[in-house]
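K.L.:
I have a structure here, written as structure tokens, and I will follow up with some questions on it.
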Amino acid sequence: MRRTLLCLALFAMTLLAGPPMTKLTVEVLNQEGRPVDRASVIVKFVKGHSVVKLGKSIKTTWEMKTSQEGRVTIPPIPQGTILVQVIAQNYQTFGDNFDVDEAEKTITVKLNPPQKQYSVHGDNDPTKKK
């Protein structure tokens, strides 16, 4: 009887504790390694996350701006796979999935400069004779 009660108590504690959590930091840098401030960072659950904890919905998407140090810190999230997207003026948009499976994780994103624009109209047309 005691063993059954002990097992039930441990099971209940596991349910109350919820899934393992991760403190996530996203660091955004340019190609020279300098921080990119005011970049929009979007973090979204992809898989492996519970959307309900003790009857309450948990947040599944965060949208934040980087600090002057190029960082955002997301409140503790359940471990699993997340999508990180970074949008910053004068840089290419970045997006990738990451597995989050430790107590603390820092994801470093290096943004690329924008690509040259091409057009079939005007001076960039290779078939046009000069």
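The values are calculated or read from the model by the stated rules, or taken from the named source; none is laboratory data. Predicted, not measured: the structure shown is a model, and the values here were computed from it. All Cβ positions, glycine included, derive from the backbone under ideal geometry; neighbour counts span all protein chains shown.
K.L.:
Looking at segment 72-87, is at least one residue modelled with pLDDT of 85 or more, closer than 30 Å to LYS116 by Cα, assigned to a strand (DSSP E or B) and of a type outside the set (Val, Ile, Thr)?
P.N.:
Taking every residue of segment 72-87 in turn, at least one turns out to be modelled with pLDDT of 85 or more, closer than 30 Å to LYS116 by Cα, assigned to a strand (DSSP E or B) and of a type outside the set (Val, Ile, Thr).
K.L.:
Looking at segment 114-127, can you tell me whether even one residue there is modelled with pLDDT under 90, among the small types (Gly, Ala, Ser) and in contact with a Gly (Cβ under 9 Å, 6 or more places away or on another chain)?
P.N.:
no
K.L.:
Continuing with this model, one more query. Going by the structure shown, is GLN68 at pLDDT 90 or above, under 19 Å from GLN31 (Cβ atoms) and in a loop (DSSP other than H, G, I, E, B)?
P.N.:
So GLN68 fits the description; yes.
K.L.:
Can you tell me which residue within segment 1-36, out of those that are of a type in the set (Ser, Thr, Tyr) and assigned to a strand (DSSP E or B), is modelled with the lowest pLDDT?
P.N.:
THR22
K.L.:
Let me ask another. Any idea which residue in segment 53-65 is modelled with the highest pLDDT, counting only those that are in a strand (DSSP E or B) and among the basic types (Lys, Arg)?
P.N.:
In this case the residue turns out to be LYS65.
K.L.:
Further question on the same structure: Identify, please: which residue in segment 88-125 is assigned to a helix (DSSP H, G or I) and not acidic (Asp, Glu) and is, among those, nearest to the chain's Cα centre (by Cα)?
P.N.:
The residue in question is ASN124.
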